[in-house]
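Written out below as structure tokens is the structure these notes cover.
The values are calculated or read from the model by the stated rules, or taken from the named source; none is laboratory data. The model shown is predicted, which means the values in this text are computed figures rather than measured ones. Virtual Cβ from ideal backbone geometry, glycine too; neighbours counted across all protein chains shown.
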Amino acid sequence: MKKLKLISLAFLCIALIFGVASAATLSINPADTDLAMGEKALLAVNVADVQGLGSFDIDVTWDSSIVSLSDGTDVIAGPSIDNLQSNVQRGRVRLAGLNSTLEGISGSETLCYLNFTGVGDNGQTSDVNIKVNRYGFLNSTFGKDIPVDQINQGKITARVSNTIDARIGVAGREVPDDKETTIKATVANQRNYETSKLNVNVTFTKDSAEVKKETYSDVVIAPGGKFIRDIAWTPGAEGLYLVNITVTSEDAVKGRPSDEKSINAIDYQLDIIGDHAYGYSSARVDNWFYFYFRVEANKAGNVILNVNAPEGFEIYGGENQTKYLYNSNYNYVYVHMRTSNPGNYAGDDFTFNMSANGKSDSIKGRDIRIYVPSMEVNSIGTEVVSDGSSADFIFNTLHTNNTNRNSTVIVAQLGAQGRTLSGLGYLVGYPYGCVEQTTSKMMASLNVKNYYLGRDDPPDDFDRIRNRANESVERGINVLVNGKLRGQHDDGGWSLWGYGSSEASSSSYASYTLAKINRTDEDLRHLLNGKISSGGTVQPNTVNFDMLIKWFNKNHKTESGTMYWEWEAPVCHSWTSQSNTPFVMLIHSMINETCEVKGEYKDYMLRNMENATKYVVNNINTGRISGDDKNMATALSLWGLEAFGITSADVSQEALDTAKTTAREYLIEAQSKEDGSWSTGSKYGWSNTGRITESTAYAILALNATGITGDNTTITDGINWLVNQYENGGKWGYTWASQAAIDALITCQGSVKTSGTVSVDIDSGSIVKNVALSDAAGTQRVEVTLTEDEMKTLMSGGTRTRGITGNPFGEVRYHTVDVTLTGDGPVIVSVENTQWAPLNEIDNLIRNSQTIQDLDAGETVHFTMFNRNIDDSAEIDDISNFTLAYSSSPDPLVVGKEGEITVGVTSDVDLFSPMIEVPIAGFVFDNTSGINDKSISFEVLNSTANAEQDSIFIQPEQWVADTPYSYSFKVTPDDYGTLNMSFRIIPLYDDEKVAIAGHNFDVTGNGSVTINVQNENYNAVKADNITVDGVKVFDTSSYTFSDLPIGNFSLSVKKADYPEVHGTVGITYNKTSIYNVTMPTSMDEPVLIFSEGDSGSIAGSSHTPGVLSAMKKENMTYNVSVMGEGGRLAIALKFPMRYLMTDPVVKLNGVVLGADEYELTRGTFVYDKDSGTYSTTDSTLVIYNSPSGTNYIELEFEGGIWGDADNSGEVDLFDALDILDFYLGNIEGFDTYDYPNVDDLNSDTIDLFDALKVLDRYLGNVNEFYN
């Protein structure tokens, strides 16, 4: 009780009336007692030599740090005491007793028994003292004081005992059977006093038989100290071993006197799988790239990785690294490196060696090209030599520090046939196709194939040429039939990209080509078998010429009642209506030759041709064709009238013949007398070569259609002009011009077979090549590539013509070429030099033209060559007329998972039919889902940048200036890190004006994590639930969470009657991480709750108990040693909330950790002012670490001062008043948790008695421990 109940008033009155009592003796019995911590000792308070004792009031005091006494059952009344009241406080009890008889107690008697509990264990002694209080001893009859002459005090001595924590520490539960392993034996003194002599025994057993034993005798450990021994041990054989530590002493041993760990000795295996490492095939200088390989290991732990790479490579993490491997067949090891040295490196230049536990294995790298962001630049020189003549020209080479992939090719082409083969190669290899481009390839393929089918001198590789041609035609058919990519529309017409409304230009291209394939003498006609429909419906997967004729009839322009057709798609070239209308006549002629047109469709055809003839004849006979487009329009008009000009009520035969004659005579006269070409206006195309080529080719074909043969001078001169034109890859400006040129060359070249040998001399004899050409031998076109040694000679020679602006080490050199022909001609000889130039080593003159310019020499090479080849990783933004924006969903993308890329484009100018090319590199394109905008066309075709690569081609109809457009498509990244995506904008009207940009998309990856739940003895424990990143599973002891992105995720493991364990798990790309979670029965001492792999243990733990005092703050320190093999570990500790008066200090190996390096979960502390009580839950501290070997963790907590209610740092009157305010309900609580509770810590109550105790302390009535 906290209030002393006084003896009843009646007995006090009796005691006051009667006489004087005799003197008495008080004593504690037994007077001298030994007491161990936690044990009980019953001491009697006796009285002797007393007469008529009726009541007593005494205090008994002791040292509360040695023994303690609880209220209630620990205070027992003596046999003659009817009523005993007690007030137990810390180190003191007040006792008031009553004998209710009139005689009282006489002689000797036991007044009460005190049942003390030992709390000390250090050998110290506490006096047990009796003090008679104010009311003293009273006589039962007369109420007089009974004097006490003698008090025999007692004492209790704390029996010495030892509180220790013994641990066996192992880095992992598995060890190699043939390698020495260190076992750490630790005994920690958990007291503030030195231990007595201890005996420490460490034993190793296998199958219950002892295999090793270490004994340490007479071990004395300092206060809070540790006894640590590292024991070297080699198992010698596979199997399960038990390692036990047991501590004994002559004195009592408490706490954790023993510990045992099981260790599995295994035959360790370490194997690298595969013939070589995987990873990048190319990387940019100074950019990180990686190799990776798979490793099988049957034990978790650290492995040493040694990396050997060529000189100049920086290896992330150094040449010697430590990698953590799991007990798994799927450990993926990544090694990142970079270099400033470009070049090609063989896989054997890189070696990766892994070793651990006496085992090792190695693997080589893979071939890799280290490049400087570069672009392909070119220089071409060319000349024509004839009939024993000679010629000379120059070409340029570029010389910088890192110019690479230098290649020079001599190309010799014999007459029209050689030139034709070059043109065919260009068209058949053309990477993408609108309707015009598709049909250009088909037409050229047909013409070349058919030409050589009728001759006895085909090229050596004609079989390959024919196969390529046939494939080109077949693919084109499958594109142009109804329902396909560029298919015929249901109304009978075509559009440029296969969507939108039909228009005349694309309808003309497609129908002309398909009708030509359908000719009876065409050997590929069988490709159209079953694919031609007729009548009023265009059947799926067919072409319907009837509906095309009807479409032309319904979709025309009218002038003075006469129908004509305009060119509607301003693509790479554009015809006027005066050119396009006769081309429609050629289409109808071809259809009329190859199909039987009946009924209404025959009527449509007749009306179409009558109107077209009238329009064309009137244009010629009235002189309406004029200006710079007159040559092209006249040529097509003549060809159209020859093909399908018909008389009508409006056109007589005489008018028709007059028009033909006029056109023929004009074309002969209009031919250039200097070079044999026919000029034309700029409206016909972006390329001057292409425009003149079209005009010249059609003039040749038109004149030939009138009966002028290929041996005629006019035709021959025109053919020679076509032969002499040579551009990149063999083209004539653009695709349609190229096919027209091939058509003219095939149709009209002479029949004379020629041959000759060309001598090509570079740099005055430095390099000389002789090339033999022959129609009869089938060698009309020959390429000769300079050897490696010849390239070295070439690059070491030449004449400097200018330096590179901004690059003092760079220059352009020119090389002379002398060509001599022995035999017939003409022969076109060209030298094509191609180099890859680092972007930072060339100037704008070269970069903008992509040509090795030589302006300082006062001239340029004969033909410049624009090439689109730029490394995909080149970080340049040559997008002068466009604004681009990029995004991905998700962001970042995930390796191996489909994501969506969005590119936004805003053009500064109106642009008809642009194309966006996206080279497919580093990702897989989902060709089935296509592009988000279904109104546009797309396809996957050969890249313009790399012949061995495909690209996505997005083909909108047009862009309106300053209008944003957005295109999305699905991709699956190949690898994590960075996906560098290149974007090339190619306007169809000029496919050499390429805008190039690139963007890096971040790519993350996925991995898995396995959570195993166990108890302290490593036995499986079924958790109620396991949660990782919000995904929860139930009632399992182990679960693998798959397909998680790279990163760190929260972990929670719950089980009833166990503390909840929570932490963080790390996910590594393409790897299954393994974590073991321990469900501890208690966390009052630090416990290992979390370990990565199967490694780690607490090797030792000790703490210095805190002391509650009114003089200094309560301090508690834990020292923990943790052993591990490199995996992530976590130890946890629960502690009272009052330890968080300040933030804890956490040290790892003596270094203070930041708050983000451990996890602190605060408990709760709630006051109830109405009842004067409080409730609290413990806090938890979790320290994560990735130790290898032994690491030492120190946890320091600083609490408050006992009795300090206002957190002033001292105990004073104001603390007593604050406690009184709380007792009266005036304040809600305190900032000092339960430090105001000084009267009874077990009561969870703060009341008046605590205020009085604090006041006593302030007045000096009690000591710092409130005794």
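Odds and ends about this structure:
- Test: residue in the stretch 1011-1027 that is in a strand (DSSP E or B), at pLDDT below 90 and either closer than 30 Å to Q958 by Cα or polar (S, T, N, Q) (or both): yes
- Here A222 meets each of (1) surrounded by 15 or more Cβ atoms within 10 Å (Cβ to Cβ); (2) touching a residue at least 24 places away in the same chain (Cβ under 8 Å); (3) not charged (D, E, K, R) with one exception, condition (1).
- Residues considered: N1019, N1076, N1048, N1012. Of these, the only one that is of a type in the set (S, T, N, Q), surrounded by fewer than 14 Cβ atoms within 10 Å (Cβ to Cβ) and either assigned by TED's automatic domain parsing to the domain that holds K299 or over 29 Å from D891 (Cβ atoms) (or both) is N1019.
- Residue, modelled with the lowest pLDDT, within the stretch 81-113, restricted to residues that are part of a loop (DSSP other than H, G, I, E, B) and within 22 Å of V128 (Cβ to Cβ): R90
- Hits in the stretch 1125-1145 (condition: farther than 21 Å from S1082 by Cα and not in a loop (DSSP other than H, G, I, E, B)): E1125, M1141, V1145
- Residue check for D546: among the acidic types (D, E), under 30 Å from N470 (Cβ atoms), surrounded by 23 or more Cβ atoms within 10 Å (Cβ to Cβ) and touching a residue at least 40 places away in the same chain (Cβ under 8 Å): yes
- Condition check for D392: of a type in the set (D, E, K, R), in a strand (DSSP E or B), modelled with pLDDT of 85 or more and closer than 30 Å to D178 by Cβ: no
- Any pair with Cβ under 6 angstrom, 6 or more apart, that starts in the stretch 836-865 at a residue that is over 26 Å from G733 (Cβ atoms) and assigned to a helix (DSSP H, G or I) and ends at one that is of a type outside the set (G, A, S) and modelled with pLDDT of 50 or more: L839/P373; E841/T400; E841/N807; D856/T801; D856/R802; A857/T801
- A209 fulfils the conditions (1) surrounded by 15 or more Cβ atoms within 10 Å (Cβ to Cβ); (2) in the same structural domain as T234 (by TED's automatic domain parsing); (3) of a type in the set (A, V, I, L, M, F, W, C) except for a single criterion, (1).
- Residues being in a loop (DSSP other than H, G, I, E, B), under 20 Å from the mean Cα position of the chain (by Cα) and not β-branched (V, I, T) - total across the stretch 1057-1086: 3
Yes/no matrix, rows are residues, columns are (1) within 26 Å of the chain's Cα centre (by Cα); (2) at pLDDT 90 or above; (3) under 29 Å from G358 (Cα atoms):
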residue: F227; (1), (2), (3): no, yes, no
residue: E260; (1), (2), (3): no, yes, yes
residue: Y280; (1), (2), (3): yes, no, no
residue: K299; (1), (2), (3): no, no, yes
residue: E319; (1), (2), (3): yes, yes, yes
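- Pairs where the first residue, in the stretch 1025-1054, is without any contact (Cβ under 8 Å) to a residue 12 or more places away in the chain and the second is acidic (D, E), C-beta under 7 Å, 6+ apart: F1034/D1024
- Checked against (1) of a type in the set (V, I, T); (2) surrounded by 22 or more Cβ atoms within 10 Å (Cβ to Cβ); (3) out of contact with any helix residue (DSSP H, G or I) (no Cβ under 9 Å at 6 or more places or on another chain), T622 meets all criteria but (2).
- Of all residues in the stretch 519-534 being farther than 17 Å from F552 by Cβ and in contact with a strand residue (DSSP E or B) (Cβ under 8 Å, 6 or more places away or on another chain), the one that is surrounded by the most Cβ atoms within 10 Å (Cβ to Cβ): S533
- Any chance V202 is under 43 Å from the mean Cα position of the chain (by Cα), surrounded by 19 or more Cβ atoms within 10 Å (Cβ to Cβ) and in a strand (DSSP E or B): no
- A single member of S1042, S1102, S1037 is assigned by TED's automatic domain parsing to the domain that holds G1126, surrounded by 20 or more Cβ atoms within 10 Å (Cβ to Cβ) and hydroxyl-bearing (S, T, Y), and it is S1102.
- Among the residues of the stretch 1210-1239, just one is under 53 Å from the mean Cα position of the chain (by Cα) and either small (G, A, S) or under 13 Å from L1252 (Cβ atoms) (or both), namely G1229.
- Output for the stretch 114-154, where each listed residue is part of a strand (DSSP E or B) and crowded, with 18+ Cβ neighbours inside 10 Å: L114, F116, G118, S126, V128, I130, V132, F137, L138, N139, V148, G154
- Taking the criterion of being of a type in the set (A, V, I, L, M, F, W, C), buried (at least 19 other Cβ atoms within 10 Å of the Cβ) and either modelled with pLDDT of 90 or more or on the phi > 0 side of the Ramachandran plot (or both), the residues of the stretch 1231-1252 that qualify are V1238, I1246, A1251.
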